[in-house]
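For reference, the structure is listed below as structure tokens.
The values are calculated or read from the model by the stated rules, or taken from the named source; none is laboratory data. Keep in mind that this is a model prediction, so the values were computed, not measured. Counting neighbours? That spans all protein chains shown, and the Cβs are built from the backbone with ideal geometry, glycine included. What goes into the accessible areas is simple: the full protein's heavy atoms, side chains included, and nothing from ligands, DNA or RNA. Shrake-Rupley method; radii C 1.70, N 1.55, O 1.52, S 1.80 Å.
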Amino acid sequence: MTTPLIKRFHDWLGVWRGPIEWSDGRRGIMEFTFESIFNGQAIEVRTVSFDSEGAPLTRGWGYLSLDRNGRVIDNIYFSDAGFSVLHEVADDPGMLSLHGPLPGNRNLDVAMMVEDDVLAISSRLGEGYAASDARPRTFTRMRRIGRSLAPREEAE
Amino acid sequence: MSNAMRLLPRWYGLWTGTSEHESTATMSVRTNILPVMEGRGFAMQTEMFDPSTGTFLRGVRFALAVGPDGRVQTVGYSTEMGVFGLEETPDDEDVLALSGVTESGIQLNVTYREESPDTLMFSVFWRPHGASLGKNARPGLFGRIHRRQPWRPPAPQGGGNPV
């Protein structure tokens, strides 16, 4: 039986890779893996970015699931940001927008979308309560490089 | 060095055994402990199932890493508790102890103790955050798992077509 989580994110499952840009001018390759776990109750998210020679730049790990209200909750670790629990905030249909706190009075916004088999992700680090366009950002557009990681019955 | 960073590398591999839950019969347990994030973190993947039918009953997965502030923490998901984040707490040298509050407000305490090089005992306590543990508190989940095979790198995944 397909869970509401997998019904919404089935097209995201698999391995994605593409160029990533940081607002400070760094560039690299980002790879995201979305894997359905526990019969579709959650999605394990694994990330790594690396430079042109393959040396790792950042790493990440997380779990996507739905809260009691059916909104996405994302428990994450990023090596350059730390640990956080992100909650879904309202956005356009098809867009997953998440917001959550980070240690040290910082916060993180992430927006993700899959369209035409491209996974686009942008993130923005914030500090304090001041809004500023100078906040560190990342942007990546990834294409699918691996098969869907949904169990067979979930993919049907 | 924290207990987690010292103990987990020697616990890599597949462990199996049984566990007792406060409200269910004995369950079979399979736990896989492996390095992740190029060896900068560890993952623990546990599934519990009915020993007679193999039916999946409960599962928990978490990754453990050192945060930018130097603390050892986890990012995890449990079919029973939902998402959770735990932090390593001091304990005896042969114990991995983790503690934290889940998103749903449950205080969670997890310990893995090395009973022998090939046997781990684990216990999980949970209670509403702020409630006392109580004098005669018993673990909500208790189990013993045995090493089944040494860890080795997983086989490459098929179907990938790196650009």
**Request:** Return yes when A:Phe83 is open to solvent by 10 Å² or more (accessible area, probe 1.4 Å), without any contact (Cβ under 8 Å) to a residue 24 or more places away in the chain and in contact with a strand residue (DSSP E or B) (Cβ under 8 Å, 6 or more places away or on another chain) and no when it is not.
**Result:** yes
**Asked** Can you list the strands (runs of 3 or more DSSP E) found entirely within the stretch B:23-119 that contain at least 1 residues being charged (D, E, K, R) and within 11 Å of another protein chain (Cβ to nearest Cβ)?
**Response** B:41-49, B:56-66
**Complete:** Among (1) of a type outside the set (Phe, Trp, Tyr); (2) at pLDDT below 90; (3) open to solvent by 40 Å² or more (accessible area, probe 1.4 Å), A:Asp92 falls short only on (2)
**Prompt:** What number of residues within the stretch A:1-53 satisfy the criterion of being of a type in the set (Asp, Glu) and either within 13 Å of chain B (Cβ to nearest Cβ) or outside any loop (DSSP other than H, G, I, E, B) (or both)?
**Reply:** 5
**Asked** Just one of B:Val72, B:Val60, B:Val36 is open to solvent by less than 70 Å² (accessible area, probe 1.4 Å), among the hydrophobic types (A, V, I, L, M, F, W, C) and touching an Asp or Glu at 6+ places or on another chain (Cβ under 6 Å); which is it?
**Response** B:Val72
**Request:** Spot the failing condition for A:Arg141; the list is (1) at pLDDT below 90; (2) open to solvent by 40 Å² or more (accessible area, probe 1.4 Å), and only one is missed.
**Result:** (1)
**Request:** Mind listing whichever residues of the stretch A:72-99 are within 23 Å of B:Val60 (Cα to Cα), within 12 Å of chain B (Cβ to nearest Cβ) and not aliphatic (A, V, I, L, M)?
**Result:** A:Asp74, A:Asn75, A:Tyr77, A:Phe78, A:Ser79, A:Gly82, A:Phe83, A:Ser84, A:His87
**Complete:** Taking the stretch A:50-69 and keeping only residues that are open to solvent by less than 40 Å² (accessible area, probe 1.4 Å) and in contact (Cβ under 8 Å) with a residue 60 or more places away in the chain, one is left with A:Ser65
**Asked** Does A:Ala150 qualify as being open to solvent by 50 Å² or more (accessible area, probe 1.4 Å), within 14 Å of chain B (Cβ to nearest Cβ) and at pLDDT below 90?
**Response** no
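Out of the stretch B:75-109, which residues are aliphatic (A, V, I, L, M), within 14 Å of the chain's Cα centre (by Cα) and open to solvent by 20 Å² or more (accessible area, probe 1.4 Å)?
B:Met81
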